[in-house]
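Chemist: First the structure, then my questions, so here it is.
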Amino acid sequence: MNKTRYLVLFIVTSLFLFFAAGSIDLDEFDDEFEAALQEAAEEELAAGAVESDREPANIGEAVDMGDSVWTVLAVEDRGSELESPNEYIDSRETEGTHVWVKVKVENNSNDQQRLFETPTIRDADGRNFSQVDTQTIYLEEGVDTMIAEPIPAGMSKEFEAIYEVAPGAEDLQFMARDFAIMDTSYAPIDLDL
């Protein structure tokens, strides 16, 4: 167990004991816990533990992350506006662009896995872009998204995602990842955008 995990474990245990003794309220507990997680994440980034030294893969190439294998199957710049699928939902606009990605994920572990933390898209300036929260509205009906979708051991699934990317972002890379929540490893896949 590394230093960061010990720190988080110590803080969480200490906060639990204080909470159990009635010496802090629930809001303060949530704030302290959030701060501890943020500090741990910043330490991981500062240590460079999450950065990849791998050469970027290309669309269609499998990227082995140990417990998972990622393949970007297709990518498309969908522009600054996602059209509404019906009259009751507004179109989604951004000052940047929406990037659609289709990816295949194979679970090489011995247990079913879920993607609680989904991969980001990173640009040449090191900025990370996340999936659009309301993406299911703008994807075709029946498409699976990565968010908390189970992947049985030894099986693979295909997912689609829409990312919101800042204006002028260049050299976009999909950051394939392992299933770990902390000490996560990443590997870049060039999106040719």
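Bear in mind that the values in this text are calculations on the coordinates, not laboratory data. Here the structure is a predicted model, which means the values were calculated and not measured. No Cβ is skipped: glycine too gets one built from the backbone with ideal geometry, and neighbour counts run over all protein chains shown.
Chemist: Assign one of three labels to the stretch 62-190, namely rounded, prolate or oblate, based on the Cα gyration tensor with a ≥ b ≥ c the square roots of its eigenvalues; rounded applies when a/c is under 1.5, prolate when it is not and a/b is larger than b/c, and oblate otherwise.
Modeler: On the way: a/c = 2.30, a/b = 1.40, b/c = 1.64.
In terms of gyration-tensor shape, oblate.
Chemist: To continue, here is another question. For a paramagnetic label modelled at 7 Å from the Cα of GLN112 toward its Cβ, which residues of the stretch 136-159 fall within the zone defined by backbone nitrogen distances under 20 Å?
Modeler: Residues 143-159 fall inside that zone.
Chemist: For VAL69 paired with THR134, estimate the spin-label separation in nm (one decimal), with each label point 7 Å from Cα along the Cα-to-Cβ line.
Modeler: Taking the two extended label points, one gets 3.8 nm.
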